[in-house]
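Working notes, structure below.
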Amino acid sequence: MLAYTFRRLLTIIPTLLIASILIFSFMHLMPGDPAAVMLGTNATPEQVENLREQLGLNEPIYIQFTSWFADAIRGDLGNSIFFQSPVISVIQNRAETSIFVATFSMLIILILGIPIGVISAVKYNSVLDQLTMGFAMLAASIPTFWLGLNLMILFSVNLDWLPSSGFPSVIESGNLSNLKYLILPCVTLAAPNSALIIRLTRSSMLDVMKEEYVKTARAKGLKESIVILKHIFRNAIISIVSALGFTFIALLSGTVVTETVFSLPGVGRLVVQSVLRRDYPVIQGIIFVVVILYVFINLLTDLSYAFLDPRISYE
């Protein structure tokens, strides 16, 4: 496993290089000039050109990319054109919200998705199974913005139980009660993703149930709970873990709609604002960080397979 891990780590640099080329290329294909956006419509061409020179935007694309990638590998993602501060600091200021939302949403997905999927598979083709699958299909089909707005109307406006928007920092204030601001956003994000995990868990369990060793275990007279947990669920969990890894990355980087609906100061909302401002360094920095997270979480997911299933070898 150590050799496999080392080989995978060696692929990180070329992976980041290819991803960076794509990121940089697409960013500079976007219409609009960051210097013109910063100075406004009343700026003269001379002022725009002077600012472009100060920001290094008048250099050839390959020189801009080489300089940016060399700094990014060292942990320097450049300076934000709009905020006039290091991109790392800009991302850090928004990271707290996104990490909390992704983590708590993931907990809800785990608590709901896997147990309900297991029960649905065990009760296959029963009324409970049909109801569960019906609700899962409904939850997966509901638009996130529609669900978020209706939860806001019900629990914030009508019942006045939870705050409707914003998120005061827990780390800066030290007030854990601020986490109540994230309940509705997390439920909004967890609902469709839980539905997907329910369906995946159910289908994976049903596939394993058809295997001969499951029939053999039952023929030996083992308790049904042992058959389900040790022989069925344990062998079905590989595909579930894979899906959970991708889901967590998606929650970290793809919460744009939810953060916009609930006015959360997260990374997803920062991406949208940076696109509108043509703030190339921030957009490139966020995507670069997401690629790194994706690579490492994908690696951890692959390594976890050997612990979940001893038959898997990395030789």
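Take SER263 and tell me if it is among the hydroxyl-bearing types (Ser, Thr, Tyr), on the phi < 0 side of the Ramachandran plot and either in a helix (DSSP H, G or I) or out of contact with any Leu (no Cβ under 9 Å at 6 or more places or on another chain) (or both). Steps first, please.
Working: among the hydroxyl-bearing types (Ser, Thr, Tyr): yes; on the phi < 0 side of the Ramachandran plot: no; either in a helix (DSSP H, G or I) or out of contact with any Leu (no Cβ under 9 Å at 6 or more places or on another chain) (or both): yes.
It is false that SER263 is among the hydroxyl-bearing types (Ser, Thr, Tyr), on the phi < 0 side of the Ramachandran plot and either in a helix (DSSP H, G or I) or out of contact with any Leu (no Cβ under 9 Å at 6 or more places or on another chain) (or both).
Looking at the structure I just gave you, is ARG234 within 21 Å of PHE135 (Cβ to Cβ) and part of a helix (DSSP H, G or I)? Let's see the steps before the verdict.
Details: within 21 Å of PHE135 (Cβ to Cβ): no; part of a helix (DSSP H, G or I): yes.
Taking the combined requirement at face value, the residue does not satisfy it.
Name the single residue, out of those in the stretch 10-41 being open to solvent by 90 Å² or more (accessible area, probe 1.4 Å) and at pLDDT below 75, that is farthest from ARG278 (Cα to Cα).
Among those that are open to solvent by 90 Å² or more (accessible area, probe 1.4 Å) and at pLDDT below 75, it is THR41.
Within the bounds of the stretch 85-95, is there any residue that is under 30 Å from PHE233 (Cβ atoms), polar (S, T, N, Q) and assigned to a helix (DSSP H, G or I)?
Checking the stretch 85-95: not a single residue is under 30 Å from PHE233 (Cβ atoms), polar (S, T, N, Q) and assigned to a helix (DSSP H, G or I).
Quick check: is even one residue across the stretch 76-83 part of a helix (DSSP H, G or I) and not basic (Lys, Arg)?
Let us first name the residues in the stretch 76-83 that are part of a helix (DSSP H, G or I), namely none.
Looking through the stretch 76-83, none of the residues is part of a helix (DSSP H, G or I) and not basic (Lys, Arg).
Consider TYR4 carefully, then state whether it is at pLDDT below 75 and either open to solvent by 80 Å² or more (accessible area, probe 1.4 Å) or of a type outside the set (Gly, Ala, Ser) (or both). Quick ask: steps written out before the conclusion?
On the way: at pLDDT below 75: yes; either open to solvent by 80 Å² or more (accessible area, probe 1.4 Å) or of a type outside the set (Gly, Ala, Ser) (or both): yes.
So TYR4 passes the test.
This table checks each residue for (1) among the hydrophobic types (A, V, I, L, M, F, W, C); (2) open to solvent by 10 Å² or more (accessible area, probe 1.4 Å); (3) over 14 Å from TRP68 (Cα atoms).
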site: LEU252; (1), (2), (3): yes, yes, yes
site: THR258; (1), (2), (3): no, no, yes
site: VAL261; (1), (2), (3): yes, yes, yes
site: LEU264; (1), (2), (3): yes, no, yes
site: VAL267; (1), (2), (3): yes, yes, yes
site: SER274; (1), (2), (3): no, no, yes
site: TYR280; (1), (2), (3): no, yes, no
site: ILE287; (1), (2), (3): yes, yes, no
site: VAL290; (1), (2), (3): yes, yes, yes
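Only one of SER120, SER165 is closer than 30 Å to LYS210 by Cα and touching a helix residue (DSSP H, G or I) at 6+ places or on another chain (Cβ under 8 Å); which?
Working: SER165 fails: closer than 30 Å to LYS210 by Cα.
Criteria check complete, one pass: SER120.
Do we have SER98 as under 27 Å from VAL275 (Cβ atoms) and surrounded by 18 or more Cβ atoms within 10 Å (Cβ to Cβ) here? Let's see the steps before the verdict.
Values: under 27 Å from VAL275 (Cβ atoms): yes; surrounded by 18 or more Cβ atoms within 10 Å (Cβ to Cβ): yes.
Yes, satisfied.
State yes or no: is TYR213 in the same structural domain as PHE135 (by the TED database), assigned to a helix (DSSP H, G or I) and surrounded by fewer than 14 Cβ atoms within 10 Å (Cβ to Cβ)? It would help to see each step written out before you state the result.
Values: in the same structural domain as PHE135 (by the TED database): yes; assigned to a helix (DSSP H, G or I): yes; surrounded by fewer than 14 Cβ atoms within 10 Å (Cβ to Cβ): yes.
So TYR213 passes the test.
Looking at this structure, is GLY56 modelled with pLDDT under 85 and touching an Asp or Glu at 6+ places or on another chain (Cβ under 8 Å)?
Working: modelled with pLDDT under 85: yes; touching an Asp or Glu at 6+ places or on another chain (Cβ under 8 Å): no.
Against the criterion (modelled with pLDDT under 85 and touching an Asp or Glu at 6+ places or on another chain (Cβ under 8 Å)), GLY56 does not qualify.
Against the definition (over 30 Å from SER165 (Cα atoms) and aromatic (Phe, Trp, Tyr)), how does PHE233 come out, yes or no?
Numbers: over 30 Å from SER165 (Cα atoms): yes; aromatic (Phe, Trp, Tyr): yes.
Against the criterion (over 30 Å from SER165 (Cα atoms) and aromatic (Phe, Trp, Tyr)), PHE233 qualifies.
Could you list, in sequence order, the residues of the stretch 62-93 that are within 21 Å of the chain's Cα centre (by Cα) and open to solvent by 50 Å² or more (accessible area, probe 1.4 Å)? Lay out the reasoning, then the answer.
As a first pass, look at the stretch 62-93 and keep what is within 21 Å of the chain's Cα centre (by Cα): 77, 87-93.
Residues satisfying the conditions are ILE88, GLN92, ASN93.
Does the stretch 205-244 hold any residues that are touching a residue at least 40 places away in the same chain (Cβ under 8 Å) and of a type in the set (S, T, N, Q), and which are they?
Matches in the stretch 205-244: ASN235, SER242.
The values are calculated or read from the model by the stated rules, or taken from the named source; none is laboratory data. As the structure is a prediction and not an experimental result, all values here were calculated from the model. Glycine also receives a Cβ, built like all others from the backbone with ideal geometry; neighbour counts cover every protein chain displayed. Ligands, DNA and RNA are stripped out before the accessible areas are found, and what is left, the full protein with its side chains, is counted by its heavy atoms. Shrake-Rupley method; radii C 1.70, N 1.55, O 1.52, S 1.80 Å.
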